[in-house]
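Scroll down for the structure; my scribbles are underneath it.
The values are calculated or read from the model by the stated rules, or taken from the named source; none is laboratory data. Keep in mind that this is a model prediction, so the values were computed, not measured. Here the Cβ is made from the backbone with ideal geometry for all residues, glycine too, and neighbour counts use every protein chain on show.
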Amino acid sequence: MEEELRASFHFNKDEMQVLDEREFFCPGFIDTHVHASQYCNCGLALDLPLLDWLRKYTIPTEAKYKDLEFAKDVYSACLDRSLRNGTTTAQYFCTIHRESSNVLVDLAIDKGQRVFVGKVATDQNSADYYIEETKTSIEETEKFVQDILSKQVNPLVNPVVTPRFAPSCSMELLTNLGRIAKTYDVSIQTHCSETLPECQWVKELFPGFEDYIDVYDKAGLLTAKTTLAHGIYLSEREMSRITETQTKVSHCPNSNCSLMSGLCDVRKLESLGVVVGLGTDVSGGYSISMLDAMRCSITVSNIIASAKDGGYVPFNYQDALRLATISGAEVLGISDKVGNFEVGKDFDALRVNLSPKAGNIDIFGYETMEELVQKFIFLGDDRNIREVYVAGRRVIKKF
């Protein structure tokens, strides 16, 4: 077989590698929601619910990114760890600082990860040392979009208009962010319905609107290129409107549990036609591993199923892998390029090795390929990911 392939494709012997029976290729993982600026807090400060957690830990950390050297150190480590864990595409939140957000972009270009990057916009309800004037936030967002578009000789880098969430943005800011996204035809990312106190806060801040989703809708922020992180407490009307506008949702099960936010019923969202991907949501989620996110998604689905009377089908490992690959590609609007191994797509892939020397998994020789994949999802970690490819370029080689 090896000789036939070499002859057919005119490969030299040293240009061809043969995978052993404990190896396989897997589509690269797609992290649809991750805060690169919070990476330094991974595994820390998980003792408070969302809004208190933001005030006490997260905002002070994000304020540090006016220091470009600090930003370079953390963003470089974040990208390296993300790639080593098999994430070939990630949609990142940065901070309100345009200059340091561009640092992440430049590092991603150098390291080869496919990225969607957003400079955060915030003009209200934040610390006085971490807030923008409305006019400045609008101008800096537009400049950031222009910065990235000017670098799009590299097709792996994409700008994202990024209001943090409705409570931290005035309606004037939200509306102008919607305008920018439409003008430049770029993606949007934000948070929505993560906790009940947050939803109540939105009602108080925006009394003239029907609900949380209506705020984004009126601002022109619900589009086929929009990702809403969380969506735990969406009403029937809100879910219907998300479906109508083809807005997407990023499911973040680790952070939803770690910050005591709640459980997102992804089965219900998908049954209504909402496209849902998976996010690590670092550092509300304590791990940047998409394998961890997959396992968490299965656990959350099982918990939801246990509270039902019957007929509810919880997620299995195939559902979790789908969320982490092709569904994530659909969320980001790149399913024509990545997400699986259909002919004509870019080769975003992981070379997975399940030999004992590679990690935490024992193989006995009788397992089917499907069982090897199942073991990888439930027991695997970054040690099992031997190589990582993005658009055909090998960006990680471990052994």
Open item on the list: If I filter segment 109-128 down to residues being out of contact with any helix residue (DSSP H, G or I) (no Cβ under 6 Å at 6 or more places or on another chain) and assigned to a helix (DSSP H, G or I), which single residue comes out as farthest from Thr325 (Cα to Cα)?
Closed with: Asp110
- [ ] Scan segment 162-193 for residues that are hydroxyl-bearing (Ser, Thr, Tyr), in contact with a Phe, Trp or Tyr (Cβ under 9 Å, 6 or more places away or on another chain) and farther than 20 Å from Cys94 by Cβ and jot them down.
- [x] Ser193
- [ ] Could you tell me whether segment 341-364 includes any residue that is without any contact (Cβ under 8 Å) to a residue 40 or more places away in the chain and under 21 Å from the mean Cα position of the chain (by Cα)?
- [x] yes
- [ ] Filter segment 1-42 down to residues that are modelled with pLDDT of 95 or more and farther than 22 Å from Asp80 by Cβ and give me whichever is surrounded by the most Cβ atoms within 10 Å (Cβ to Cβ).
- [x] Glu23
TODO: Would you be able to tell me the number of residues in segment 173-204 that are under 19 Å from Asn125 (Cα atoms), surrounded by fewer than 23 Cβ atoms within 10 Å (Cβ to Cβ) and without any contact (Cβ under 8 Å) to a residue 40 or more places away in the chain?
DONE: 5
TODO: Could you list, in sequence order, all residues of segment 129-150 that are in contact (Cβ under 8 Å) with a residue 12 or more places away in the chain, among the hydroxyl-bearing types (Ser, Thr, Tyr) and not in a helix (DSSP H, G or I)?
DONE: Tyr129, Tyr130
TODO: Could you please let me know if Gly311 is in a loop (DSSP other than H, G, I, E, B) and farther than 26 Å from Val160 by Cα?
DONE: yes
Task: Of residues in segment 100-137 being surrounded by 24 or more Cβ atoms within 10 Å (Cβ to Cβ) and of a type in the set (Lys, Arg), the one nearest to the chain's Cα centre (by Cα) - done: Arg114
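Yes or no, residue by residue, for (1) crowded, with 22+ Cβ neighbours inside 10 Å; (2) within 26 Å of Ile232 (Cα to Cα):
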residue: Leu44; (1), (2): no, yes
residue: Asp47; (1), (2): no, yes
residue: Leu51; (1), (2): no, yes
residue: Ala63; (1), (2): no, no
residue: Asp67; (1), (2): no, no
residue: Leu83; (1), (2): yes, no
residue: His97; (1), (2): yes, no
- [ ] Output the residues belonging to segment 325-349 that are out of contact with any Gly (no Cβ under 8 Å at 6 or more places or on another chain) and under 19 Å from Gln374 (Cβ atoms).
- [x] Asn340, Phe341
- [ ] Quick one: in segment 162-172, of everything that is part of a loop (DSSP other than H, G, I, E, B) and under 20 Å from the mean Cα position of the chain (by Cα), which residue is surrounded by the fewest Cβ atoms within 10 Å (Cβ to Cβ)?
- [x] Arg164
Open item on the list: Would you confirm whether or not segment 350-368 contains a residue that is surrounded by 12 or more Cβ atoms within 10 Å (Cβ to Cβ), over 23 Å from Val266 (Cα atoms), modelled with pLDDT of 95 or more and out of contact with any helix residue (DSSP H, G or I) (no Cβ under 8 Å at 6 or more places or on another chain)?
Closed with: yes
TODO: Specify which of the listed residues (Thr243, Thr247) is touching a Leu at 6+ places or on another chain (Cβ under 8 Å), of a type in the set (Val, Ile, Thr), in contact (Cβ under 8 Å) with a residue 24 or more places away in the chain and crowded, with 24+ Cβ neighbours inside 10 Å.
DONE: Thr247
Task: Selection within segment 286-299 - farther than 20 Å from Ile326 by Cβ and assigned to a helix (DSSP H, G or I) - done: Thr299
Task: Any hit, segment 67-80, residues being more than 16 Å from the chain's Cα centre (by Cα) and touching a residue at least 40 places away in the same chain (Cβ under 8 Å) - done: no
